[in-house]
Amino acid sequence: MHSRVVVTGLGVVSPNGVGVPAFLNALQNGISGIKFIPRYQELNFSCHVAGAPDFKWDCLADYISEVTLHGLKATNIGYGLVAALDAWADSGMGYETDEPRWETGCVFGNSIADTEAMKNVITRVDNKEAKKLGSRVVEQAMNSGVTSYISGRLGLGNRVTTNSAACATGTQAVLMGYEYIKHGYAKRMLVGSAEQVDTYVYGAFDSMRILSRKFNDRPELASRPMSLTAGGFIPGSGAGALVLEDLDFALARNATIYAEVLGGSSNCGGQRLGGSMTAANSAGVTRCIKEAIVNSGISPQRIDLISGHLTATNADRQEIQNWSDALNVKGGDFPLTNSLKSMIGHCLSAAGSIETVASVLQIVHKFVHPNLNLDDPNPVITDIISVDRLPVEMIKKEINIVAKANFGFGDVNSCIILSKYN
Amino acid sequence: MTRQEILTELKKVIAPYTTNKEMLAHINEDTDLIRDLKINSANLVDIMIDTEATYKIEIDYDSADKMMNVGTCIDVISEKLK
């Protein structure tokens, strides 16, 4: 008998809202978090806009000791800590403990350690000043930095690991946490992901000519998933976190239950059959979605909402086609579909966790957030599904089941199925 | 610099690395950095680096090993300042 797994806490650091109340308000009112970044213009990037959270670094003093804060420089660790500790508090638990919490683990992903922190290492070492680096560099440059700060603050004593699957990272982290609980290894998992897209990561994407460059003077219009005038994605930054628990364990402590994770799947298209380092093998994508549905024990017709990957590149059409093939629905029968990236850009490894938090909020508060900048839907997409399946205004509606998927470089895919808790 | 002057400066160097502000306010030459001030042993390296910058001195490995309490810190700093 496998355990049922429920969501009991949410935390988020998003370009359009830091903290769940601000984020919820932004989702419901279609508030964009995309801003003009003067530095990107100075650096001669093609794209001058990005999704950057309005994050007050000093707020960390409310979360960690001043000794820990002194010497903390990695922005992604700051984002991850706030999202994770907010989710923990939201779940009704205190931070302090003398004993390790043996029943609770953590899977928190990122795609890269903070490159500003790495730059400090490189500069010092090249200047023959390695001796001046001090003790706080390794812990912030290592890939498991975010996870280590979170688990250390909360005394987490079960499985603690850092996953990395490019843009599928966040969704995969949720799935891994779900699986640990389902199979009885842990009673509670703090899961999520964090990403700080700094100038070095950003520049590398800019060079690939896959970022939007035609809306630099109108930042809020720049992220246009599924639009005829979509011209590439907008990098975003932030973190999302969820507390997952064994249902009985959560009920025993009278936790508030926001939603249930029914199941999911994570696979790879093998970079075969049309898949490559940067392009998805459609057979892998559809297989992933179908497996997630089978593992969740639902029929595809029960899906009320698809929270797509949908980044605003020319891969959007194929993604919709893949969903249509996997669910075997099209036209007016296709589920309502939205892309949070229209508001916050593509937060890379953090995309999946922030979008999962958004999915849970839509279940709890009974709404579908709008797709921004979709006044000109691409006909190659509306040839597959009815245009009314792509809401441009918030819809108030009972949402029972959400399919959330992300697809990443390396041809990796992750899909989870979330349900209202019944 | 007198030992008292060094101690006063040293207190500022140590401050970011201890949450035990009460103990810090009353340190004397016998105060142990790890046992009394609850400083993480890894952070001793940061205190050495900050001390080097504050006093414009270089602290070699052997000297650093001696700097376990306030008194021995002052010994090493006074020696290097000569």
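The values are calculated or read from the model by the stated rules, or taken from the named source; none is laboratory data. Given the structure is predicted, the values throughout are model-derived calculations rather than measurements. Note that each Cβ is placed from the backbone with ideal geometry, even for glycine, and that neighbours are counted across all protein chains shown.
Does B:ILE77 fit the bill of being crowded, with 18+ Cβ neighbours inside 10 Å, in a helix (DSSP H, G or I) and either within 12 Å of chain A (Cβ to nearest Cβ) or among the aromatic types (Phe, Trp, Tyr) (or both)?
The answer is no for B:ILE77.
Among the residues that make up the range A:35-50, is at least one of them farther than 17 Å from A:GLY238 by Cα, touching a Phe, Trp or Tyr at 6+ places or on another chain (Cβ under 6 Å), of a type outside the set (Phe, Trp, Tyr) and in the same structural domain as A:GLU195 (by TED's automatic domain parsing)?
The answer is yes, given that some residue of the range A:35-50 is farther than 17 Å from A:GLY238 by Cα, touching a Phe, Trp or Tyr at 6+ places or on another chain (Cβ under 6 Å), of a type outside the set (Phe, Trp, Tyr) and in the same structural domain as A:GLU195 (by TED's automatic domain parsing).
Do any helices (runs of 4 or more DSSP H) entirely within the range A:265-363 hold 2 or more residues that are without any contact (Cβ under 8 Å) to a residue 60 or more places away in the chain, and if so, which?
Fully inside the range A:265-363 and qualifying: A:282-296, A:316-327.
Please return the ranges of helices (runs of 4 or more DSSP H) entirely within the range A:35-127 where 1 or more residues are farther than 30 Å from A:ARG213 by Cα. Before the answer, list the steps.
Working: elements: A:38-42, A:66-69, A:75-90, A:115-126.
Fully inside the range A:35-127 and qualifying: A:66-69, A:75-90, A:115-126.
Working carefully through the options A:GLY177, A:GLY155, find the one that is more than 30 Å from A:SER46 (Cα to Cα), crowded, with 18+ Cβ neighbours inside 10 Å, away from every other protein chain (no Cβ under 14 Å) and out of contact with any helix residue (DSSP H, G or I) (no Cβ under 9 Å at 6 or more places or on another chain). Please lay out each step first, then the result.
On the way: A:GLY155 fails: crowded, with 18+ Cβ neighbours inside 10 Å.
Exactly one of A:GLY177, A:GLY155 is more than 30 Å from A:SER46 (Cα to Cα), crowded, with 18+ Cβ neighbours inside 10 Å, away from every other protein chain (no Cβ under 14 Å) and out of contact with any helix residue (DSSP H, G or I) (no Cβ under 9 Å at 6 or more places or on another chain), namely A:GLY177.
Yes/no per residue for (1) assigned by TED's automatic domain parsing to the domain that holds A:ALA74; (2) modelled with pLDDT of 95 or more; (3) assigned to a loop (DSSP other than H, G, I, E, B); (4) more than 21 Å from A:GLY410 (Cα to Cα):
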residue: A:GLY177; (1), (2), (3), (4): yes, yes, no, yes
residue: A:ILE181; (1), (2), (3), (4): yes, yes, no, yes
residue: A:GLY184; (1), (2), (3), (4): yes, yes, yes, yes
residue: A:TYR200; (1), (2), (3), (4): yes, no, no, no
residue: A:ARG209; (1), (2), (3), (4): yes, no, yes, no
residue: A:ASP217; (1), (2), (3), (4): yes, yes, yes, yes
residue: A:THR229; (1), (2), (3), (4): yes, yes, yes, yes
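Quick one: how many residues across the range A:44-66 are farther than 28 Å from A:TYR200 by Cα, of a type in the set (Asp, Glu) and either touching a strand residue (DSSP E or B) at 6+ places or on another chain (Cβ under 7 Å) or within 14 Å of chain B (Cβ to nearest Cβ) (or both)?
1
Any idea which of B:ASP46, B:ASP36 is in a loop (DSSP other than H, G, I, E, B) and either within 14 Å of another protein chain (Cβ to nearest Cβ) or over 10 Å from the mean Cα position of the chain (by Cα) (or both)? Working first, answer last.
Numbers: B:ASP46 fails: in a loop (DSSP other than H, G, I, E, B).
After ruling out the rest, the residue left standing is B:ASP36.
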